[in-house]
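Heads up, the thing below is written out as structure tokens.
The values are calculated or read from the model by the stated rules, or taken from the named source; none is laboratory data. Keep in mind it's a predicted model, so treat the numbers as computed, not measured. Because the Cβ atoms are built from the backbone with ideal geometry, glycine has one as well, and the counts that use them run over all protein chains shown.
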Amino acid sequence: MKISVISPNLSGCVSILDTGVTYLATYINERTSHDASIWDYTFNRHRWQSYLLEKYKKDKPDVIGITHTTLYTSYVVETIKEIRNNISKDIPIVLGGYHPTLRPRESINLPGVDAVICGEGEYILSNYLDALESKSELYNIPGLLFKLNNGSYFENSRAGWIEDISSLPFPDYELWEDIDKYLYFIQQLWLIGSRGCPYPCTNCEEVYIKDASPGNRFRYRDPQNYVDEIKFQFERFGDRGLRMGHPFDPVFPINAQWTREFCSKYIDAGMHTKLPLSIFARGDTFYLHEGPGSARFQTFDHDRVKCLAEAGVREVRIGVETGTDRMRNEIHKKMCTTKQLEETFHYMQKHDMNTIAYNMLGGPTETRSEMFETLKLNWKLKPNKPIFFIYQMLAHDTQLSQVGNYDLSPDAISKDIFNSEDSERSVEDQSTIQFGEPMQSKTFSKNFVVYFQLFCYSIFIGRRISKMIFKQRFEFFKNLYIYMRRGYKEKANMKIVFAYFLGSCEDNLFE
Ligand code: B12
Ligand code: SF4
């Protein structure tokens with residue numbers, strides 16, 4: 001059977017190189033008798049309907065898959081309509097990804113959908129394709145929901161998380177026709193060495209997704225296997241624009257022993273001098289030995305940071321999230337104090353690591369003065385790049401009702417994810433976290449968050465741009481012009497292109 005999986009990115013964001021889709025299609029191609037291709041709107045979004053038709057005629061798939069993230073729901077719905085109205089009334093359409101995993105019944109009830117995969121897709125999709133090919137029953141495929149002839153649906157039991165993620169093939173990014181364009185704009189590749197996360201943050205889907213399927217959600221790859229993949233990706237893309245590896249593991253260095261093993265293997269492979277890495281860590285990560293639940297050590301683990309630095313980790317991305325302990329720990333349940341953040345940023349700077357601070361503006365119950373605290377804390381922490389996301393309602397938010405003593409029920413807080421009628425944001429921006437739609441609140445107006453974000457950026461970007469111009473002089477303007485012109489030509493979202501220019505382009509990759 002032939003399946004084409006769509007990444008329906010109409011936002012104009014040039015970084016949506018979907019790792020889940022890549023893993024899925026690679027597995028189908030390399031480990032099953034079926035064939036998979038990827039159809040990607042990112043650089044075709046202004047003619048996505050004709051693009052779909054061309055791809056359909058060329059690839060002639062038997063099944064169409066669509067990856068469904070919550071903020072992209074409208075793109076998924078439009079895609080299904082287009083397929084049903086202008087391409088095929090009866091080709092099976094299967095949805096998978098974070099939204100169907102968290103809200104499978106909502107996804108299966110979308111008009112035009114035939115099946116939904118809940119959980120990780122590799123084995124489940126392969127079983128589904130086997131069953132379609134042999135025209136056998138779909139009743140015994142764990143993880144699958146499918147439509148019945150009478151319009152209702154049948155829901156199989158859940159499949160369980162894949163136990164050994166090191167056994168999966170390395171993701172084949174060549175399946176993305178536009179991989180060279182992605183590499184031009186982002187100059188990095190997303191790498192996945194773990195799946196899941198052990199923390200309970202209430203702003204994140206991770207804490208809810210744990211229960212969407214049985215088994216152990218938080219899994220790490222064998223360090224050697226991870227290093228082998230990074231080397232493999234570098235050999236393929238190193239001379240095509242790849243300048244930095246970006247492990248997307250939310251808590252990359254959480255386990256001291258795993259971190260040391262990874263670092264020594266990365267050095268043994270000679271990769272530390274070839275491909276620098278930018279990793280995620282939390283403000284409390286370097287105070288822990290074996291993750292949450294284990295004894296907390298109050299002393300900072302300098303050795304672990306040194307070891308990362310020696311292995312070529314040049315940048316650490318840290319979730320500051322908000323300026324007050326109330327928002328960070330009582331509402332978002334981050335378990336990380338302002339003091340730990342201050343120390344962590346200080347030590348990172350001492351160890352010569354670049355830092356990125358991730359922040360969220362406009363979370364549930366946040367007040368305007370608390371948002372100012374976030375700005376003040378960032379000023380104090382002096383990250384190389386601060387990022388101010390707008391808090392977005394995701395699939396789990398509607399289920400939140402009480403956090404600590406706070407009422408987060410629908411009566412207290414607007415829970416309408418797709419409420420955008422009075423939006424200040426363009427349709428394309430609404431699906432992004434950078435410039436997305438603020439939630440409604442009694443403590444601030446949507447406009448306040450929108451303008452406050454601009455204010456934060458203008459302060460920090462001004463400082464950063466002046467530094468860059470001072471260092472790079474004419475080159476800065478030349479590079480900016482070339483990069484923005486290419487973004488314009490590719491009809492990308494120019495705000496996001498500008499953000500990537502400052503974040504990861506040419507001489508701006510690291511300060
Ligand atoms: C890496 C990452 C990215 C990367 C790659 C995105 C991707 N989808 O692969 C980038 C930087 C592009 C990114 C962008 C965004 N991300 Co992001 N990202 C992650 C992160 C850290 C890891 C995801 C991952 O690679 N997991 C490993 C892969 C193998 O698993 P997977 O993606 O779940 O894919 C499996 C299944 O879902 C399923 N599957 C997926 N698609 C399909 C399709 C079909 C047809 C089938 C059958 C199965 C199937 O099979 C896959 C293989 O097992 C997660 C958080 C986390 N810790 O998990 C957030 C996360 C996925 N991101 C999130 C968000 C909100 C975004 C953005 C909207 C942010 C923005 N720019 O504004 C965009 C959305 C873009 C998009 N379409 O995904 C949310 C999604 C929440 C939701 N309910 O949709 C998450 C869960 C974080 C959170 N806040 O909780 N992200
Ligand atoms: S540490 Fe990051 S990935 Fe883990 S639950 Fe918290 S926000 Fe989600």
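Only residues that are in contact with a helix residue (DSSP H, G or I) (Cβ under 8 Å, 6 or more places away or on another chain) and within 16 Å of ligand 2 (Cβ to nearest atom) were counted in region 1-45, giving 1. The residues of region 123-134 that are within 13 Å of ligand 1 (Cβ to nearest atom) and either surrounded by fewer than 22 Cβ atoms within 10 Å (Cβ to Cβ) or not in a helix (DSSP H, G or I) (or both), listed by number, are TYR123, SER126, ASN127, LEU132.
One line per residue, one yes/no per condition, for (1) more than 24 Å from SER504 (Cα to Cα); (2) part of a helix (DSSP H, G or I); (3) touching a residue at least 24 places away in the same chain (Cβ under 8 Å); (4) out of contact with any Lys or Arg (no Cβ under 8 Å at 6 or more places or on another chain):
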{"site": "SER157", "(1), (2), (3), (4)": "yes, no, no, yes"}
{"site": "SER166", "(1), (2), (3), (4)": "yes, yes, yes, no"}
{"site": "TYR182", "(1), (2), (3), (4)": "no, yes, yes, yes"}
{"site": "CYS201", "(1), (2), (3), (4)": "yes, no, yes, no"}
{"site": "TYR208", "(1), (2), (3), (4)": "yes, yes, yes, yes"}
{"site": "GLY215", "(1), (2), (3), (4)": "yes, no, yes, yes"}
{"site": "ASN225", "(1), (2), (3), (4)": "yes, yes, yes, yes"}
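Taking residues in region 46-66 that are without any contact (Cβ under 8 Å) to a residue 12 or more places away in the chain, and partners anywhere that are of a type outside the set (A, V, I, L, M, F, W, C) and assigned to a helix (DSSP H, G or I), the pairs with Cβ atoms closer than 9 Å and at least 6 places apart or on different chains are SER50/ASN44.
Within region 219-248, the residues that satisfy the criterion of being among the basic types (Lys, Arg) and crowded, with 16+ Cβ neighbours inside 10 Å are ARG219, ARG221, LYS231, ARG236, ARG243. In the set (1) within 16 Å of ligand 2 (Cβ to nearest atom); (2) at pLDDT 95 or above, the condition left unmet by PRO198 is number (2). Where helices (runs of 4 or more DSSP H) fall entirely within region 46-108, none has at least 1 residues that are within 16 Å of ligand 2 (Cβ to nearest atom) and either farther than 19 Å from TYR208 by Cβ or among the small types (Gly, Ala, Ser) (or both). Exactly one residue out of LEU189, LEU183, LEU145, LEU175 is over 20 Å from CYS13 (Cα atoms) and within 15 Å of ligand 1 (Cβ to nearest atom), and it is LEU145.
Of the residues making up region 299-328, those that are part of a loop (DSSP other than H, G, I, E, B) and either over 25 Å from the mean Cα position of the chain (by Cα) or farther than 15 Å from THR259 by Cα (or both) are THR299, PHE300, ASP301, THR322, GLY323, THR324. Taking region 254-275 as the search range and keeping residues that are within 22 Å of TRP190 (Cβ to Cβ) and modelled with pLDDT under 95, which one is nearest to ligand 2 (Cβ to nearest atom)? Among them, the one singled out is ILE254. Inclusion of PHE388 among residues that are part of a loop (DSSP other than H, G, I, E, B) and modelled with pLDDT of 80 or more is not warranted.
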